[in-house]
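Q: Please see the structure below; I have some questions.
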Amino acid sequence: MAVFCRIKRSHFLFSKSLKQLRNLYIQNNNTQIQNPFTKLNLSPFSSTPTCPKPQNFLPPLSVEDSRIVDKLVHIFTKRLDTSKSQELDELGPKITTLIVEFVLKRLKSWRIAQLFYNWAKNQSDFSHNCHTYNLMVECLSGARQIDSMRMLVNDVIKFQCYFTPRALGFFIRCLGNQGLVKEANELFDHMQKSGLCVPNSFSYNCLLDAISKADDVGLIELRLKEMNSYGWQLDKYALTPTLRCYCNAGMFENALVVFNEMREKGLVDAHVLSILLVSFSKWGKVDKAFELVERIEDLNISLNEKTCFVLIHGFVREGRTDKALQLLDKMRKMGFVLDISVYGVLIEELSRNSETEKAMQLYEEMNDSGVRPDIKILTELISCVRDERDMIQIVEERYESLDLKDRISLYNAVLKGLINNGSTDKAHHLLCASSGLESGGDFNKDNPFFMKELVCPDTISFEIVIDGLCRADRLEMALSLFRDMDHIGCKRSVLLYNNLIDYLSRSGRLDECYELLNEMKQSVFQPTHYTYNSIFGCLCRQGDDAGALAMVREMRVHGHQPWIKYYTLLMQKLCKDGQAVKASNFLADMVQEGFLPDVVGYSAVIDGLIKIKQLDKALYLFREISARGYCPDVVAYNIMINGLCKAKRVLEAQGLVDEMMDKGLIPSIVTYNSLIDGWCKNGDIDRAILNLTRMTEKEREPNVITYTTLIDGLCNAGKPNDAMRLLVEMESKGCPPSRVTFMALISGLCKCEKPDIALIYLQEMERKEMKPDPYVYIALTKAFINNSNPNEAFNVLEMVVHDESLQDLNGKDLSTLKEAILSLLADPRTSSNVKNLLEEGHFTAVCSISEIR
């Protein structure tokens, strides 16, 4: 009922508006009534609503009105002065909307048009109509005068002008073309609510087109619902902007629903298809785009050249040259003429991917089709070709036709190509021959390149060859070539200095690095952060903390930051050498110099301090991280927690875990494993199990280390049954027990006086082809002896008789084995068997003959 009332009211408003519009279009007694609904039309050949030029629909003027138009055009196109004000005052009362339309059509400048529009607006008894507003908005839109268009919208609302549905649609489209979507929507709603216009499907379609350019999915869906509520069928001009909006927003499922609806209605054309294809390409959906290209024949639609070109560029951008080449082949079959942009983007990408053969084929196709490659294509191609004959061919074909600048670019590309092909000597000889320098070789013999005029190499030429020599570990030749630049008057560059200093620093040639650094300071080139960090990195690799600190101080003076990776390397090296205190002092010195070391550097030092048993100092440094404004990361916490657990300060470690969770950090598996190990070694198996529960609650899947630690801890706590149940649990959760897991369980079962069960797990290890360490056999032997089962103890002892690792036994394990052997010797049930083993030369490293007797 509400919908019916709304429609009835709309009809009433529309009838009222129509009467007012008819009165509005009566210009004077000599002016015919103009049909407002033929002002704008919809082109059947476009996917968006279009409007013809307004002058095609203007009725003829009377002779008097024509004179007024001529006078107004003359006055406003000439420079306005006070002498014209009287004439304008006389013309003001005579103007009509039709006269204003004719004048606006003849004014070429938007500024003059706006001046005239404002003058007409201020005349008494005159009001602009929808046509004059549309002429003005079209003029301002063409000149992209956004602010003036906003003022025009305000005028339309302020003066309550009636609009035909098509006139409103035209105005809305002009706003949308300049991105004024908010203004378009507000105007549309105002006109509809105030009864100044009753929008039809054309008006809505124009609004949808405007909204689609702002990618506002929510708003376009709202307007579609409104159209559906009026019972209107969504046509091509409503669905196309909807499709575009979904595509621009990356909502391809919705876009495909709209596309399929259009296809079922027979509304899909080349333009609609290109919207979907280009969007697929833009969002990296290359396979979907190409699949749609393959289906084009079924839709009886032909792609245009522009769409194909855009798709090829999109495919290449996504690294899919395979699909780009397939589309190129389709373009050839369709008879399209390929331009330089398509060849260029494909050749450049193929060159970068080292697909030289394909790149050369396209280059030859370019030549055959009469498309002249530019210098960018030539340089990319030459830089990647592997066969020097191809390189020579390109040079010979194009060199003579190039100007000097392009010849140098081509020459440098040849140098780069030779370097990339590993022909560093040839590149060096070519550069020396071009520069008039001695290269130590026969240029004509070593270089097949013949250029009638050898170009004069530039700085880039030397950068290419010197970098190639450095990468080929020919630093002496690179340095010599660098020095020779002075002799030929070629300017050096910061890049040359930085490359040489970097390669020298990697070779540990610090003195030469400092020499080049000082040379830079005395020249026009200022050392960069790269220059200083190359030397700083060398000092750090050498563990020279004093030299590194001096470099840090110099860097501070010049406003450069030391690189994290280098001072972290220094920290690690010092800590590895047992100099964690010195590493800690270096960090303190960095802070004093105004640099806050990264958490990674602090973590390296904290780990080093823990390893030399300086736990409290490590904890102090850890606390200092937060005081410096850093939040320690999970790795830093793990290092500290592990150190505390190993020192049996597990409560403090548990406190750090709670602290890191309070800061929003999520403990890792390493964190929980450290805690579980700490509580197990502290004899508190219940807290260890509690941390296992917390792991699963925090979605941290226990690993083999977690289970092995707990199995060992449960056995040590006298809970062997729980340990065996945990082994079953870990297997059921897809975590296979490791060799260490089995050894921990076997050893634990032996401690719990369950050697028979332990023997079963030992046999399972053997089935899994896992070799236990000797201590497992020794523990099992001792357990059987303690369990008054010497025969089984001897059987286990026989298993380890040929184990070469027995030679390396020492300490407790050696003493335990010796006790076991002596115990079995003393037992009459096994005495003779043990003696036989000893007489055969086994266990001599454990028991001497005198001890046996």
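The values are calculated or read from the model by the stated rules, or taken from the named source; none is laboratory data. Bear in mind the structure is a predicted one, so any value in this text is a computation, not a measurement. Quick reminder, even Gly has a Cβ in these numbers, built from the backbone with ideal geometry, and neighbours come from all protein chains shown. For accessibility, only protein heavy atoms count, side chains too; no ligands or nucleic acids. Shrake-Rupley method; radii C 1.70, N 1.55, O 1.52, S 1.80 Å.
Q: Tell me whether region 124-137 contains one or more residues that are modelled with pLDDT under 90, open to solvent by 20 Å² or more (accessible area, probe 1.4 Å) and at negative phi.
A: Filtering region 124-137 for residues modelled with pLDDT under 90 gives 124-125.
Then keep just the ones that are open to solvent by 20 Å² or more (accessible area, probe 1.4 Å); that gives 124-125.
From what's left, at negative phi: 124.
Yes, there is a match, as at least one residue in region 124-137 is modelled with pLDDT under 90, open to solvent by 20 Å² or more (accessible area, probe 1.4 Å) and at negative phi.
Q: Which ones in region 232-263 are of a type in the set (D, E, K, R) and modelled with pLDDT of 85 or more?
A: Within region 232-263, Asp235, Lys236, Arg244, Glu253, Glu261 meet the criteria.
Q: Right, next: In region 179-203, which residues are under 17 Å from Asp155 (Cβ atoms), open to solvent by 10 Å² or more (accessible area, probe 1.4 Å) and in contact (Cβ under 8 Å) with a residue 40 or more places away in the chain?
A: Within region 179-203, none qualify.
Q: Being crowded, with 24+ Cβ neighbours inside 10 Å, aromatic (Phe, Trp, Tyr) and under 24 Å from Lys121 (Cβ atoms) is the requirement here; does Phe159 meet it? Give the steps one after another, and end with the answer.
A: Values: crowded, with 24+ Cβ neighbours inside 10 Å: no; aromatic (Phe, Trp, Tyr): yes; under 24 Å from Lys121 (Cβ atoms): yes.
No; evaluated as a whole, the condition is false for this residue.
Q: Any idea which residue in region 241-275 is surrounded by the most Cβ atoms within 10 Å (Cβ to Cβ), counting only those that are under 24 Å from the mean Cα position of the chain (by Cα) and of a type in the set (A, V, I, L, M, F, W, C)?
A: Here the residue is Cys247.
Q: Select from region 483-500 the residues that are among the hydrophobic types (A, V, I, L, M, F, W, C) and open to solvent by 30 Å² or more (accessible area, probe 1.4 Å) and write down the one among them that is farthest from Cys540 (Cα to Cα).
A: Ile488
Q: Something else about it: Six or more apart or on different chains, Cβ under 9 Å: which pairs go from a residue in region 204-218 that's closer than 10 Å to Cys245 by Cα and β-branched (Val, Ile, Thr) to one that's open to solvent by less than 50 Å² (accessible area, probe 1.4 Å) and not in a helix (DSSP H, G or I)? Could you list them?
A: Val217/Ala249
Q: Determine, yes or no, whether Leu378 is more than 27 Å from Asp322 (Cβ to Cβ), in a helix (DSSP H, G or I) and in contact with a Lys or Arg (Cβ under 7 Å, 6 or more places away or on another chain).
A: It is false that Leu378 is more than 27 Å from Asp322 (Cβ to Cβ), in a helix (DSSP H, G or I) and in contact with a Lys or Arg (Cβ under 7 Å, 6 or more places away or on another chain).
Q: Can you tell me how many residues in region 381-394 are crowded, with 21+ Cβ neighbours inside 10 Å and in a helix (DSSP H, G or I)?
A: First, the residues of region 381-394 that are crowded, with 21+ Cβ neighbours inside 10 Å: 381-385, 391, 394.
Pick out the ones that are also in a helix (DSSP H, G or I) and you get 381-384, 391, 394.
The number of residues fulfilling the criteria is 6.
Q: Is it the case that some residue within region 809-816 is more than 30 Å from Thr693 (Cα to Cα), among the β-branched types (Val, Ile, Thr), surrounded by fewer than 17 Cβ atoms within 10 Å (Cβ to Cβ) and touching a residue at least 12 places away in the same chain (Cβ under 8 Å)?
A: Within region 809-816 (the criterion being more than 30 Å from Thr693 (Cα to Cα), among the β-branched types (Val, Ile, Thr), surrounded by fewer than 17 Cβ atoms within 10 Å (Cβ to Cβ) and touching a residue at least 12 places away in the same chain (Cβ under 8 Å)), the answer is yes, since at least one residue qualifies.
Q: OK, next. What residue, among those in region 146-187 that are outside any helix (DSSP H, G or I) and touching a Lys or Arg at 6+ places or on another chain (Cβ under 9 Å), is farthest from Asn129 (Cα to Cα)?
A: Top of the filtered list is Gly179.
Q: Additional query: When you check Val316 against the structure, is it out of contact with any Phe, Trp or Tyr (no Cβ under 8 Å at 6 or more places or on another chain) and either on the phi > 0 side of the Ramachandran plot or crowded, with 20+ Cβ neighbours inside 10 Å (or both), yes or no?
A: Working: out of contact with any Phe, Trp or Tyr (no Cβ under 8 Å at 6 or more places or on another chain): yes; either on the phi > 0 side of the Ramachandran plot or crowded, with 20+ Cβ neighbours inside 10 Å (or both): yes.
So Val316 fits the description; yes.
Q: Restricting to region 761-782, give me the number of residues that are open to solvent by 10 Å² or more (accessible area, probe 1.4 Å) and more than 54 Å from the chain's Cα centre (by Cα).
A: Of all residues in region 761-782, those open to solvent by 10 Å² or more (accessible area, probe 1.4 Å) come to 761, 763-764, 766-771, 773-775, 777, 779, 782.
Imposing the further condition that a residue be more than 54 Å from the chain's Cα centre (by Cα) reduces the set to 777, 779, 782.
Number satisfying all stated conditions: 3.
Q: Let me ask something additional. Please specify each residue of region 644-682 satisfying the condition of being within 20 Å of Leu714 (Cβ to Cβ) and of a type in the set (Val, Ile, Thr).
A: Val650, Ile669, Ile676
Q: Mind checking which residues of region 288-305 are part of a helix (DSSP H, G or I), open to solvent by 30 Å² or more (accessible area, probe 1.4 Å) and free of Cβ contacts under 8 Å to residues at least 24 places away in the same chain?
A: If the condition is that a residue be part of a helix (DSSP H, G or I), open to solvent by 30 Å² or more (accessible area, probe 1.4 Å) and free of Cβ contacts under 8 Å to residues at least 24 places away in the same chain, then Glu291, Glu294, Glu297, Asp298 are the ones that fit.
Q: I would also like to ask the following. Considering only region 501-532, state which residues are under 37 Å from the mean Cα position of the chain (by Cα), of a type outside the set (A, V, I, L, M, F, W, C) and open to solvent by 20 Å² or more (accessible area, probe 1.4 Å).
A: Of everything in region 501-532, those that are under 37 Å from the mean Cα position of the chain (by Cα), of a type outside the set (A, V, I, L, M, F, W, C) and open to solvent by 20 Å² or more (accessible area, probe 1.4 Å) turn out to be Tyr503, Arg506, Ser507, Gly508, Gln526, Thr528, His529, Tyr530.
Q: Hey, another quick one. Being under 59 Å from the mean Cα position of the chain (by Cα) and surrounded by fewer than 22 Cβ atoms within 10 Å (Cβ to Cβ) is the requirement here; does Gln114 meet it? Let's see the steps before the verdict.
A: Values: under 59 Å from the mean Cα position of the chain (by Cα): yes; surrounded by fewer than 22 Cβ atoms within 10 Å (Cβ to Cβ): yes.
Against the criterion (under 59 Å from the mean Cα position of the chain (by Cα) and surrounded by fewer than 22 Cβ atoms within 10 Å (Cβ to Cβ)), Gln114 qualifies.
Q: Are any residues in region 697-737 more than 20 Å from Thr671 (Cβ to Cβ), outside any helix (DSSP H, G or I) and open to solvent by less than 40 Å² (accessible area, probe 1.4 Å), and if so, which ones?
A: Scanning region 697-737 gives a single hit, Pro737.
Q: Report yes if some residue within region 259-270 is within 25 Å of Asn185 (Cα to Cα) and either in a helix (DSSP H, G or I) or of a type outside the set (Gly, Ala, Ser) (or both); otherwise report no.
A: Checking region 259-270: not a single residue is within 25 Å of Asn185 (Cα to Cα) and either in a helix (DSSP H, G or I) or of a type outside the set (Gly, Ala, Ser) (or both).
Q: What are the pairs, 6+ residues apart or on separate chains, where a residue within region 627-642 that is in contact (Cβ under 8 Å) with a residue 12 or more places away in the chain and closer than 15 Å to Tyr672 by Cβ has its Cβ under 7 Å from a residue that is part of a loop (DSSP other than H, G, I, E, B) and among the small types (Gly, Ala, Ser)?
A: Val634/Ser668; Asn638/Ser668
Q: Could you check region 656-673 and list, in sequence order, the residues that are over 12 Å from Lys698 (Cβ atoms) and surrounded by fewer than 17 Cβ atoms within 10 Å (Cβ to Cβ)?
A: Asp658, Glu659, Asp662, Lys663, Gly664
Q: Hey, another quick one. Looking at region 661-685, I want the residues that are assigned to a loop (DSSP other than H, G, I, E, B) and have a partner that is buried (at least 17 other Cβ atoms within 10 Å of the Cβ) and not hydroxyl-bearing (Ser, Thr, Tyr) with Cβ atoms under 6 Å, at least 6 apart or on another chain. Which pairs are those?
A: Qualifying pairs under 6 Å: Pro667/Val657; Asn682/Val650.
Q: From the list Asp406, Asp339, which one is over 32 Å from the mean Cα position of the chain (by Cα) and not β-branched (Val, Ile, Thr)?
A: Asp406
Q: While we're looking at this one, here's another question. Just checking, how many residues over region 233-247 are part of a loop (DSSP other than H, G, I, E, B) and under 9 Å from Asp209 (Cβ atoms)? Give the steps one after another, and end with the answer.
A: So in region 233-247, the residues part of a loop (DSSP other than H, G, I, E, B) come out as 233-235.
Still in the list and also under 9 Å from Asp209 (Cβ atoms): none.
Of the residues in region 233-247, 0 are part of a loop (DSSP other than H, G, I, E, B) and under 9 Å from Asp209 (Cβ atoms).
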